[in-house]
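Read through the structure below, which is laid out as structure tokens, and then see the notes.
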Amino acid sequence: MVPLRALASEKLDEFKRLARIGIKIVMSSGDYGSLDPELGKYDLIIATNEKADSLFRHSPPWVDRLSLVVADEIHLLGDPSRGPTLESILTRIKYLKLGVQILALSATISNAEEISGWLGADLVTSDWRPVPLKEGVFCRGSVTFIDGEVRQVPRSGSGDPVADLAVDAIKSGGQMLVFTGSRNSAVSLAKRLEGPVHRELSASERSRLRQISESILSLGERTKLTEKLARSVSCGVAFHHAGLTYPQRKAIEDSFRSSHIKCICATPTLAAGVNTPARRVLIYEYRRFEPGVGRVNIPVLEYKQMAGRAGRPKYDKIGEAIVFSRSEEEKDFLIEQYLLAKPEKVWSKLGVAPSLRSQVLAAVAMGLASSRAGVIDFFGESFCAYQYGLDSFKSSILESVSFLTKAGMLKEGKPGVVLEATALGKRVAELYIDPKSAEVILRALSLRRSGLPALSYLMLACHTPDMPKLYVRGKEVESLESYLESNSDLLLFEVPEEEFEREMVLSELKTAFLLEEWINETPEESIVEKFDIGSGDIYAYVESAKWILNAAHELARLMGYRESADPLKRLLIRVENGIREELLPLISLRGIGRVRARSLYSAGYRSIEDLKRASVSDLRRIPLIGPETVKLILEQIGGTLTKEEWSSVASGKGSRQLSIDDYGTR
DNA sequence: GTGCCTCTCATATAGACAGCATGTC
DNA sequence: CTATATGAGAGGCAC
């Protein structure tokens, strides 16, 4: 079990060598997976934590054949949003006494003993690193390492200390990875380094980088951010954050590993992600904004994760992690608080409401507990109970039970005695959404309203706690508020009285507007511009919306709310594809996605009926519709072809007049 | 009046997992 | 642990 999808595929690649000795390996994550029953055929399953949780919730037949569970990056236990998942899986394994060996791994943990105590595991520690690490602080032109060495950093002539550090690393054949506290600072720092880094490159490196830069531009739609990235890359520098699309990030990581890109300026995405080591790591900002708190110093644990990226196995004799300071006092502070400090203890976050209600439901739905006492007994095996004592969150557990009972997901036979999950509860546990989200959705759908616009459902989806929300700018508040006021009839929920929650609804509305633009086929570039986000963010919001809309559709079906089930299904398809209502009939055809559907539509084919009336040569003339696609279309609409038509379609010698190059997409 | 510099004030702020059923361009 | 870097706009000054 690993925390990221990218790590899962990285592990799959590593373990593939075992396939040669006949070991069968499979990877399973939300976006890439085999059918659950199939998994029993394999010797080794690599999964994300959440996927593993989800798999266990379906009680697959192969659970009792598990002999070893490996939990990678076990310090994630302390993450408020994702730790409880991992904790619950391990708690279940312990509670069921399956006799499974548990192997938990982490490079940055201070209370390892406590965790191994909870797991009933032996603690094995090691200081070994593939490449030794040297930690130091930069201050006014020199680096003070904690091993005593003080080193002057040669001036690069740019007058920029960060450039000095980068150029110094590059001159000796290394690379540098810079961690920053915000996206903007990653982008601007990369820009700052363009000139100095570019000067260090050979002619052949420059030309190779121009190619890479070109390929990054062609990776997706052209936006300002992409152009900035391409420009930086052509100089051997890149920035890296979640506003970039996945392919862009991958391209940068790969080009960095192949040493073409000399310097990456990144937000913490890269610290926890796939393996991208660099000879030198510079922690340029050790503070980060947190909503409601302001700027906070990052945890030592996070510093250690970033520092741990220093040193490429096989290439570097030593890795350097350097924290950037602006004054002597700051330097001393950093040495004390980070370099010489032990990572914080990992504290269980299972006791907090959102994750607890979800895990209480799962435990009952899986049949691990069948009474209030049983639920408490189950959580008695948790790390939370081990650490804080069961009494500390007993009342929270019971509150969750009450919430779930009231929401109709659990029911108690005799009051206080038998507890079981209702059909609804079981479905919610399987759909893997926050029970609170399910409650919000069900309350809205029980209004039994029909004829609602897409925006109503989008706003509902955005109103659930499972949906991430856009940040609302000060100057947008007024227009969002007035929209809300004059369109209150569209709402499927009450706008809360309380100030903070009211503001939250504005974020939800703004997020719903983003999704509305998406399904109205607004070009990516203008969405990005309008909402001041990156392309990568669009996909993140769309992914989440798909997720929650599917759950809403399933719930509508389960409850027999027919007036919502159909609109939700249609909306789901629109969100999945980013299409207007009018393309729905065409998109239902296999082989037709949003681009080809739009092409067919513009050519005058707006329904399956229209297509049935079309001749083969008519279809062949439509841009982006090739011989194979024509074949696919005809097979599906039950059109019949003459022998000549078949052969002309199959040989690809149609009367094709336009090619992809003649037409922009969208 | 114009151009340039400095000061003030408003503004925005990291990341990414999951269901289900099959293929985009 | 309710901050701070950034950038736009206002204001000041020399010409």
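The values are calculated or read from the model by the stated rules, or taken from the named source; none is laboratory data. Remember, it's a predicted structure, so these values are computed and weren't measured experimentally. Cβ placement follows ideal geometry from the backbone for every residue including glycine, while neighbour counts extend to all protein chains displayed. Note: accessible area is taken over every heavy atom of the protein model, side chains too, but ligands, DNA and RNA are not part of it. Shrake-Rupley method; radii C 1.70, N 1.55, O 1.52, S 1.80 Å.
The table for this structure:
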item: Selected residue (criterion: modelled with the highest pLDDT) from residues of segment A:168-187 that are open to solvent by 10 Å² or more (accessible area, probe 1.4 Å) and of a type in the set (A, V, I, L, M, F, W, C); result: A:I170
item: Residue within segment A:374-381 that is open to solvent by 10 Å² or more (accessible area, probe 1.4 Å), among the acidic types (D, E), farther than 25 Å from A:A512 by Cβ and part of a loop (DSSP other than H, G, I, E, B) present; result: yes
item: All positions within segment A:578-610 that are in a helix (DSSP H, G or I), touching a helix residue (DSSP H, G or I) at 6+ places or on another chain (Cβ under 9 Å) and among the small types (G, A, S); result: A:A597
item: Single match in A:L361, A:L368, A:L350, A:L356 (criterion: in contact with a Phe, Trp or Tyr (Cβ under 6 Å, 6 or more places away or on another chain), in contact (Cβ under 8 Å) with a residue 40 or more places away in the chain, more than 30 Å from A:A166 (Cα to Cα) and away from DNA strand C (no atom under 16 Å from the Cβ)); result: A:L368
item: Helices (runs of 4 or more DSSP H) enclosed by segment A:188-302 - at least 1 residues per element that are away from DNA strand B (no atom under 16 Å from the Cβ) and open to solvent by 10 Å² or more (accessible area, probe 1.4 Å); result: A:203-217, A:224-234, A:246-257
item: All positions within segment A:543-557 that are open to solvent by 10 Å² or more (accessible area, probe 1.4 Å) and either free of Cβ contacts under 8 Å to residues at least 40 places away in the same chain or over 14 Å from A:P465 (Cβ atoms) (or both); result: A:E543, A:K546, A:N550, A:H553, A:E554, A:R557
item: Spans of strands (runs of 3 or more DSSP E) in segment A:1-110 with at least 1 residues within 16 Å of DNA strand C (Cβ to nearest atom); result: none
item: Residue within segment A:556-577 that is on the phi > 0 side of the Ramachandran plot and touching a helix residue (DSSP H, G or I) at 6+ places or on another chain (Cβ under 6 Å) present; result: no
item: Of all residues in segment A:437-448 being part of a helix (DSSP H, G or I) and more than 21 Å from the chain's Cα centre (by Cα), the one that is farthest from DNA strand C (Cβ to nearest atom); result: A:L445
item: Residue in segment A:306-316 that is within 29 Å of A:I115 (Cα to Cα) and open to solvent by 20 Å² or more (accessible area, probe 1.4 Å) present; result: yes
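Let's see how each residue does on (1) open to solvent by 10 Å² or more (accessible area, probe 1.4 Å); (2) touching a His at 6+ places or on another chain (Cβ under 9 Å):
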{"residue": "A:Y32", "(1), (2)": "yes, no"}
{"residue": "A:W62", "(1), (2)": "yes, no"}
{"residue": "A:E87", "(1), (2)": "no, no"}
{"residue": "A:I115", "(1), (2)": "no, yes"}
{"residue": "A:D122", "(1), (2)": "yes, no"}
